[in-house]
Every structure is written in C-alpha cells, then in structure tokens.
Amino acid sequence: MNKCLARRLAWGAGVLMLAVYAAWWWPRGTETPVWSDREVPLLRSLWIETLPPVPVDPSNAVADNPRAAEFGRQLFFDTRLSDNGAVACATCHQPQRNFTDGLDRGRGIGVSKRNTRSIVGSAFSPWQYWDGRKDSLWSQALSPLEDPREHASNRLQLVRLVSTDASYRLAYTALFGALPDLSDRERFPDAAAQGSSAAQVAAWESMTPADQQAVTVVFVKLGKSIAAYERLLLPGTSRFDAYVKAVLDNDVAAQAELFSAAQVRGLRLFIGKANCMQCHNGPLFTNNEFHNTGLLPFPGETPDKGRADGVRLALADPFNCLGVW
C-alpha cells in the first residue's frame, strides 16, 4: 500500500474537479490570486519542501545502508525472483510509470485483487498496502515473492539463487555474513515455503526447525535490502510546488503562469470550504489513515473488507514489527 503517493498524485485531478464547480459558483470578482494570512500557511504545509527526512526504521538494521540499497535495487529488477523467470518487482512497479503499472489490477503470474500502488514515498507511511496488512517496507517486500498471483516463488528458490549467483553471494555476505549451505537436497528441497502450494508446504514442513530458520533468515534479509532501495524513492517537485513557492515569494506573475484562474478557485476550495485537507494534508496529501468513503463495490464483486481484514492480517503476520524478525 502507498496511500501517501496516491493522494499526492491525485491532488491535481481533485483540484480540477473542484475548479469545474468553482467556475460557476465562485464570485467572478475574486479571481486575482491573493492569498490571505490564513491560507498561506495552509499552502505552505502542502509544499514538498516541508517534507521531513524519511523516518528511521528501527526494524531494519540496513534500512539506510547504501550497499544494501544497491543490492536491493538489483533484486528489485531481477525477474529470476519469480517462478517463471518473467516477473520482477519492477514488472508492476515500473519507474517510467512512477513505480506503478497503470492497470486496474496488478498482473504478475496471475491477477491481483487490487491495483498496483506506487511505492514512491512509501517509506513515510506507517502501513503498507491499501488495507494496511503490512507494517514495514521490508515485510511488504516479502509478500509478493511468495504470492501465487505475483512472483509465485518460494524462499528456498530465492535463497538458492542468492547462493549460486556470484554477484549476489558477494553482496549478501558482505552485508550479512555467510549463507547457509543448501547442497544437501534432502535437507533443503528445491521448492519449499509456508502458505504456498500444498507440495511446497509439505516440503517446508519436512525440514527441521533449524533449517527453516536458516532459510528464513536469508529470506528476511532480502526483503530488508529491497526496502533499503525503496526508501530512496522520494517524490519530486511538481507544478503545484512551484506555484506554492511563487505564492511564498509573492511572485504574482509566476502564479499566473503556473495556474489558471479556475485552478486557483479550485485550490481555494481544496484548502477551504470543501474541507479536502481534513484527509489530504501535509506535503504528501495524506493523513496516513483509513477512511470508508461509502463507495459500493463494483457490480458482481464481493464487498472489500479493507482495513477490517488488514488489521487482522497485520497482527497475525510472522514478519510484523512485534515479531522476532
């Protein structure tokens, strides 16, 4: 999940929709972009330049390690982290599309339940996924790897890939130390994982707890490396931010060049009578909370339980921030 970036990317559409309403509602004599002493601080609070540093992640020891970020970047774009060798994290989180895919539902090996959320700025969100079922970037990064609709991989396959790829092995050992010896196929099957196919679950359960632990340690550290890379994906300056700077600089000419009169009226509504900032506040245009907007499900679809299911899944997740990992 990345509610913060979705809000930020959607602000323009919201302002323009308000502008259509404002075009006939707003008194015509007030189109000159003069902002009051009450409005200027509100605009400043939405300005990207007020975005604080990425919050510390106490659950990830390599969260801000440049070598871990580079290792994670390589993993992020590697299609070998999937069962069919064709799906990478970047398959759905495409840089050229602001790390989303533009589809109504994410498509990896199968079709996901929901759309692909952008991960730009996701390090600022206390919850990941639309329903908040993950409470850290690294635990979110692990989920698609073994999801049969996404990568459909398994942790034995992934750990073996890192062990046999010379570059990955060097990067991993430099960061985390020695990898487990997986040469004994009786102890370490080709494919095994919790909660995947019945055959993989059976293979996983045939392993000793110590061997399961050794494999999961590596699996978790792959997720933490991917998260280190994702923490570097930050939102940049938009036309809105340039407009706010012009307001703060009292540059009326630049304001007129950047925003039309209708957009100015829409923005006045956004920060004022329309009360949009009740939810869409701060430089990422979100309060990072969950809201029921009252929209009905698409005809024929089962209603999505959203956060009601998400909180249950987060509490039951072995990789949550209350757990040993």
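The values are calculated or read from the model by the stated rules, or taken from the named source; none is laboratory data. Quick caveat, the model's predicted, so the values are computed rather than measured. Here Cβ is always computed from backbone atoms with ideal geometry, including for glycine, and neighbour counts include all displayed protein chains. Surface areas here come from the heavy atoms of the whole protein model, side chains and all, with no ligands, DNA or RNA. Shrake-Rupley method; radii C 1.70, N 1.55, O 1.52, S 1.80 Å.
Which of the peptides 45-52, 61-68 is most tightly packed, and how do the rest follow, going by the mean number of other Cβ atoms within 10 Å of each residue?
61-68, 45-52
How far is helix 166-176 tilted off the main Cα axis of the chain, in degrees rounded to 10, range 0 to 90?
80 degrees
Provide the net charge surrounding Ala246, with neighbours chosen by a C-beta distance below 11 Å and charges set as Lys +1, Arg +1, Asp -1, Glu -1.
That works out to -2.
In the chain, carbon and sulfur make up what percent of the accessible area (probe 1.4 Å)?
Carbon with sulfur: 57 percent of the solvent-accessible area.
Can you give me the angle between helix 155-164 and the longest principal axis of the chain, using Cα atoms only, in degrees from 0 to 90, rounded to the nearest 10?
Value to nearest ten degrees: 80.
Determine the calculated [θ] at 222 nm for the chain from helices alone, applying -39500 (n - 2.57) to every DSSP H run no shorter than 4 residues and normalising by the residue count; nearest 500 deg cm²/dmol.
After summing the helix terms and dividing by residue count, I get -13500 deg cm²/dmol.
When only alpha-carbon atoms are used, what values of Rg and Dmax, in angstrom, describe the chain?
23.0, 81
Keeping every protein chain present and rolling a 1.4 Å probe, give me the accessible area per residue for the chain in Å².
I get 50 Å² per residue for the chain.
Within the chain, how many Lys pairs that are eight or more residues apart, or on different chains, come under 18 Å at the alpha-carbon?
Value for the chain: 8.
Along the principal axes of its C-alpha atoms, what lengths does segment 63-111 span, in descending order and rounded to whole Å?
Projected onto the principal axes, the Cα atoms of segment 63-111 cover 34, 25, 16 Å.
In debye, nearest 20: dipole of the chain around its Cα centre with unit charges on the Cβ of K, R (+) and D, E (-)?
Dipole size: approximately 600 debye.
Given the peptides 142-150, 293-301, arrange them by the average over their residues of other C-beta atoms within 10 Å, most packed first.
Ranking the peptides 142-150, 293-301 by packing returns 142-150, 293-301.
Provide Lys224, Lys273 ordered by accessible surface of protein heavy atoms (probe 1.4 Å), highest first.
Putting Lys224, Lys273 in descending order of accessible area: Lys273, Lys224.
Between helix 261-271 and the chain, what is the angle of the helix's C-alpha long axis to the longest principal axis, kept within 0 to 90° and rounded to the nearest 10?
The angle comes out at about 60 degrees.
Once phi is turned into ³J(HN,Hα) by the Karplus curve 6.51 cos²θ - 1.76 cosθ + 1.60 with θ = phi - 60°, what whole-Hz value does each residue of segment 182-198 show in order, with x for glycine and proline?
9, 5, 7, 5, 5, 7, 10, x, 5, 9, 7, 6, 7, x, 9, 5, 4
Which of His291, Val218, Ala262 sits closest to the plus end of the dipole of the chain, meaning its Cα is farthest towards the positive end, when Lys and Arg get +1 and Asp and Glu get -1 on the C-beta?
Projecting each Cα onto the dipole axis, the largest value belongs to Ala262.
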